[in-house]
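Visitor: Sharing a structure below in structure tokens format, with a few things to ask.
The values are calculated or read from the model by the stated rules, or taken from the named source; none is laboratory data. What you see is a predicted model; the values in this text were computed from it and never measured. Heads up, the Cβs are rebuilt from the backbone with ideal geometry, glycines too, and the neighbour counts pull from every protein chain shown.
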Amino acid sequence: MARSPLIEKSKIFALDVIRACKTLRSAKCESALINQFLRAGTSIGANIREAFYAHGRADFIAKLQIALKECSETEYWIELLLESGYYGDGTLLEQCSEIKRILIASLNTAKKTNS
């Protein structure tokens, strides 16, 4: 499989989410927040990877849409962590926003190609 910037960025992001969750656990952050953040943040890349093995264009689009939903949810959890003071590094939010922009552009392209 050819490596795409989206696959690479989402994997790096997932690894950063995992590291952040380790830090949050050490800081005694609410486990429910950590679990939701970890699940959503790591599923973005999993869905993107799955999209590259889709059964046609419609399946590809559906998988990227799921990744976009997970990205939006992750953005929410990061905002909560930042605003609550549990986490102070805004880099994750920037990474998440960048992935979201790429996903939106990819979906727009895929939908135009599909029409």
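Visitor: Working only within region 15-28, note down all residues that are under 14 Å from L92 (Cβ atoms), surrounded by fewer than 19 Cβ atoms within 10 Å (Cβ to Cβ) and in contact with a helix residue (DSSP H, G or I) (Cβ under 8 Å, 6 or more places away or on another chain). Quick ask: steps written out before the conclusion?
Guide: Start the filter on region 15-28 by keeping residues that are under 14 Å from L92 (Cβ atoms), which leaves 15-24.
After this cut, where a residue has to be surrounded by fewer than 19 Cβ atoms within 10 Å (Cβ to Cβ) as well, the list is 15-16, 18-19, 22-23.
Of everything in region 15-28, those that are under 14 Å from L92 (Cβ atoms), surrounded by fewer than 19 Cβ atoms within 10 Å (Cβ to Cβ) and in contact with a helix residue (DSSP H, G or I) (Cβ under 8 Å, 6 or more places away or on another chain) turn out to be D16, I18.
Visitor: Could you list, in sequence order, the residues of region 35-79 that are surrounded by fewer than 21 Cβ atoms within 10 Å (Cβ to Cβ), among the aliphatic types (A, V, I, L, M), part of a helix (DSSP H, G or I) and more than 11 Å from the chain's Cα centre (by Cα)?
Guide: A58, I61, A62
Visitor: Just checking, how many residues over region 80-101 are of a type in the set (V, I, T) and either under 11 Å from the mean Cα position of the chain (by Cα) or part of a loop (DSSP other than H, G, I, E, B) (or both)?
Guide: The number of residues fulfilling the criteria is 1.
Visitor: Among the candidates L68, L81, single out the residue that is out of contact with any Gly (no Cβ under 7 Å at 6 or more places or on another chain), over 16 Å from L6 (Cα atoms) and modelled with pLDDT of 95 or more.
Guide: L81
Visitor: Restricting to region 80-92, name every residue that is surrounded by fewer than 17 Cβ atoms within 10 Å (Cβ to Cβ) and among the hydrophobic types (A, V, I, L, M, F, W, C).
Guide: Listed by number, the residues that qualify are L80, L82.
Visitor: Out of region 29-71, which residues are among the hydroxyl-bearing types (S, T, Y) and in contact with a helix residue (DSSP H, G or I) (Cβ under 7 Å, 6 or more places away or on another chain)?
Guide: Selection gives T42, S43.
Visitor: Moving on. Tally the residues that are of a type in the set (G, A, S) and at pLDDT below 95, restricting the search to region 86-105.
Guide: Residues in region 86-105 being of a type in the set (G, A, S) and at pLDDT below 95: 2 in total.
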